[in-house]
Amino acid sequence: MNAISDTSSPAEAAWRIQPQGDRCLLITFGDQIDAAIGRTCLAAARRLREAGLPGVTDVVPSFVAVAVHYRPDGLGNGPTYADLAERIEALLADGIAVDAAAGREIDVPVCYGGEHGPDLDEVARAAGLTADQVIALHSGPRSMVFMLGFAPGHAYLGVHDEKLNLPRRASPRTAVPPGAVAIANRQTVIYPNRLPGGWHIIGTTPLTMFDPAREPAAYLQPGDSVRFVPISADEFERLREARP
């Protein structure tokens with residue numbers, strides 16, 4: 001475990017580098033979902049992309065770590081794990097500029113409950129709250145997009161109030177419709193298309209989360225700050241019909 005200086009704070013951030021197979025290494029910054037750790041991962045990924053390290057094919061941030069994928073050139077001259085880890089250590093030692101305001105601020109309209117949020121009442125009962133209180137907790141504070149994963153454009157957001165710390169459903173659904181806004185473990189996911197899933201669906205957004213013809217294709221990007229805005233069923237239909 002090494003340490004780097006976070007240029008936005010005098011505190012030190014712990015990190016370690018480990019191999020992940022023969023063409024990837026993992027830089028781990030923590031062991032729990034936390035906004036500060038998430039921002040450090042995003043800043044480190046941005047620093048590594050800007051460095052343009054030879055042989056690196058992709059840099060992927062997650063909740064607590066950054067995966068760096070690399071590829072030898074086939075002539076024995078490509079990067080090795082040891083060489084790449086050493087270069088990354090040197091970059092991290094120079095410090096990471098963690099900027100809490102680096103992402104965009106985005107409003108995501110959500111129609112909560114009813115046919116659009118079939119699990120809202122069940123979530124409210126499990127949390128000891130009313131449905132309106134669940135909506136207020138979910139839509140009140142802004143949520144950070146930590147990462148994209150599981151499927152193209154599938155965003156993971158958080159961290160929500162402890163009252164929304166519910167496990168996933170005992171029985172996952174085989175098909176969740178696109179736009180479904182679902183929670184579990186103090187997090188939210190927004191399904192970009194029809195997928196299986198075991199999270200609690202509390203609402204649906206009329207926005208298109210993933211469109212391969214759009215640039216970028218994913219509507220939400222890691223580091224974005226999202227405010228969920230409650231809308232009526234009529235407003236949901238109006239916005240859905242107005243989509244390009």
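Okay, residues lined up against (1) over 28 Å from Ala217 (Cβ atoms); (2) outside any loop (DSSP other than H, G, I, E, B); (3) aliphatic (A, V, I, L, M); (4) in the same structural domain as Gly30 (by the TED database):
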position	(1), (2), (3), (4)
Pro72	yes, no, no, yes
Gly78	yes, no, no, yes
Val123	yes, yes, yes, no
Leu129	yes, no, yes, no
His138	no, yes, no, no
Val145	no, yes, yes, no
Phe150	no, no, no, no
Tyr156	no, yes, no, no
Arg168	no, no, no, no
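Scanning the stretch 92-109 for any residue that is open to solvent by less than 10 Å² (accessible area, probe 1.4 Å), of a type in the set (A, V, I, L, M, F, W, C) and either in contact with a Lys or Arg (Cβ under 7 Å, 6 or more places away or on another chain) or within 30 Å of Val176 (Cα to Cα) (or both) turns up at least one such residue.
The residue pairs whose first member lies in the stretch 126-143 and is among the polar types (S, T, N, Q), whose second member is open to solvent by 60 Å² or more (accessible area, probe 1.4 Å), and whose beta carbons are closer than 6 Å, counting only pairs six or more residues apart or on different chains, are Ser139/Pro230.
The values are calculated or read from the model by the stated rules, or taken from the named source; none is laboratory data. Since the model is a prediction, treat every value here as computed from it, not as a measurement. When we count neighbours, we look across all protein chains shown, and the Cβ atoms used for this are built from the backbone with ideal geometry, even at glycine. Accessible surface areas use protein heavy atoms only, side chains included; no ligands, DNA or RNA. Shrake-Rupley method; radii C 1.70, N 1.55, O 1.52, S 1.80 Å.
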